[in-house]
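K.L.:
Please see the structure below; I have some questions.
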Amino acid sequence: MPEVVTLGEAMVVFNPSDYLPLDYVHSFTKGMAGAEANFSIGIARLGHEVGWISRVGDDPFGRFILKSLRGEGVDISRVKVDVEHPTGVYFKEKKSARNINVYYYRKGSAASFMSSEDLDEGYIASAKLLHITGITPALSSSCRDAVYRAMQIAKKNGVMVSFDPNIRLKLWSIEECRKTLLDIARYADIVLPGQEEGRLLLGTDSPEEIAKSFLDIGAKTVVVKLGPEGAMAMTDNETVYDSAPDVPVVDTVGAGDGFAAGFIAGVLNGWDIKRCLRLANDVGSMVVASNGDVEGLPTMEEVEVFRGTIKKVDR
Ligand code: KDG
């Protein structure tokens, strides 16, 4: 049984070949996407066992997603193939590396029909950690029920819960989003908001105030992502800051999932918070420096090469 379990929608992403408005782009590269699937690949590459729960359509894109995740070593034994609904897709529009829009074609997708009946209680109960993002509860009411059920199973069985708000205002209104995500955060041991997400949810830009608010509602560790500035982690006993490595910005989408995978992998390794934060920042930066949502996710060895602590022989 996997150490980490997560649930959410994977999609096929079409990455444009040029920095142009989408109406002028003529070719795209097909890739894997979906926050929880990206996170799963990140965790697997960093050497931990992870299971991803979802539904995919009975179509070539669903098969592509399953082959990709299986190939990465993610456990997909709890994924259902839905013969009635398609796999979701999304298109990325890049006007520049820092100016990215997304266009979703996921309404009515197979994953949006996921429900609490898709959950295997023993599978979640035997994990060390359940990872939730704010995207899954935005997909449908049955997905939201599944998220709550998964968190209840985790709480009942002493499984740690990590929560990345991953606010997507193309999926729901800010009012519904705020109400739901602040409620979900009450179940989380580790909360990983971005600074802007903290502002949207709590009305403050201050990383310290954002962290304290989540600690007040029950989190044990809060990690606030500060973009190119790095990140800050706070517990009841300590506050730690870490800067992000300076990398060329190629594609920022997926960096938060890589960051979460790095932090959680560190937690599973039993590392102190400073070391977890370092790995999170390194993994996030490596994703930012490569094209695509998952392509830049590193193995531990690749992290060491990136840090310059080991040398790679190229030829
Ligand atoms: O965090 C990256 C994700 O945003 C991307 O892979 C697609 O899951 C996705 C979403 O809903 O935006």
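The values are calculated or read from the model by the stated rules, or taken from the named source; none is laboratory data. Bear in mind the structure is a predicted one, so any value in this text is a computation, not a measurement. We place every Cβ from the backbone using ideal geometry, glycine too, and count neighbours over all the protein chains shown. Protein only, heavy atoms only, side chains kept; ligands, DNA and RNA dropped before computing areas. Shrake-Rupley method; radii C 1.70, N 1.55, O 1.52, S 1.80 Å.
K.L.:
Could you list, in sequence order, all residues of the range 152-166 that are within 16 Å of the ligand (Cβ to nearest atom) and either out of contact with any Gly (no Cβ under 6 Å at 6 or more places or on another chain) or more than 15 Å from Pro137 (Cβ to Cβ) (or both)?
P.N.:
If the condition is that a residue be within 16 Å of the ligand (Cβ to nearest atom) and either out of contact with any Gly (no Cβ under 6 Å at 6 or more places or on another chain) or more than 15 Å from Pro137 (Cβ to Cβ) (or both), then Ser162, Phe163, Asp164 are the ones that fit.
K.L.:
What number goes with the only condition from (1) part of a loop (DSSP other than H, G, I, E, B); (2) modelled with pLDDT of 95 or more; (3) open to solvent by 20 Å² or more (accessible area, probe 1.4 Å) that Ala219 does not pass?
P.N.:
The number of the failed condition is (3).
K.L.:
Among Ser290, Ser285, Ser243, which is the only one that is of a type in the set (Gly, Ala, Ser), open to solvent by 60 Å² or more (accessible area, probe 1.4 Å) and under 21 Å from the mean Cα position of the chain (by Cα)?
P.N.:
Going through Ser290, Ser285, Ser243 in turn, the sole match is Ser243.
K.L.:
Across the range 96-117, what is the total count of residues that are in contact with a Ser or Thr (Cβ under 9 Å, 6 or more places away or on another chain), touching a residue at least 40 places away in the same chain (Cβ under 8 Å) and open to solvent by 10 Å² or more (accessible area, probe 1.4 Å)?
P.N.:
So the answer is 6.
K.L.:
Right, another one. Within the range 84-97, does at least one residue satisfy the condition of being closer than 24 Å to Arg149 by Cβ, of a type in the set (D, E, K, R) and either at pLDDT 95 or above or within 16 Å of the ligand (Cβ to nearest atom) (or both)?
P.N.:
Within the range 84-97, one or more residues are closer than 24 Å to Arg149 by Cβ, of a type in the set (D, E, K, R) and either at pLDDT 95 or above or within 16 Å of the ligand (Cβ to nearest atom) (or both).
K.L.:
Return only the number of the condition from (1) surrounded by 14 or more Cβ atoms within 10 Å (Cβ to Cβ); (2) closer than 17 Å to Val253 by Cα that Lys80 does not satisfy.
P.N.:
(2)
K.L.:
Can you list residue pairs whose Cβ atoms sit under 7 Å apart, with the first residue in the range 244-257 being of a type in the set (Asp, Glu) and the second being within 8 Å of the ligand (Cβ to nearest atom)? Count only pairs 6 or more apart in sequence or on different chains.
P.N.:
Asp257/Ala35; Asp257/Asn38
K.L.:
Just to be sure I understand, how many residues within the range 1-18 are part of a loop (DSSP other than H, G, I, E, B), away from the ligand (no atom under 12 Å from the Cβ) and over 20 Å from Arg45 (Cβ atoms)?
P.N.:
Here the count works out to 2.
K.L.:
Identify all residues within the range 242-266 that are within 16 Å of Val191 (Cα to Cα) and more than 16 Å from the ligand (Cβ to nearest atom); write none if there are none.
P.N.:
Passing the criteria: Ala265, Gly266.
K.L.:
Only one of Leu277, Leu268 is of a type outside the set (D, E, K, R), at pLDDT 95 or above and surrounded by fewer than 21 Cβ atoms within 10 Å (Cβ to Cβ); which?
P.N.:
Matching residue, one of Leu277, Leu268: Leu268.
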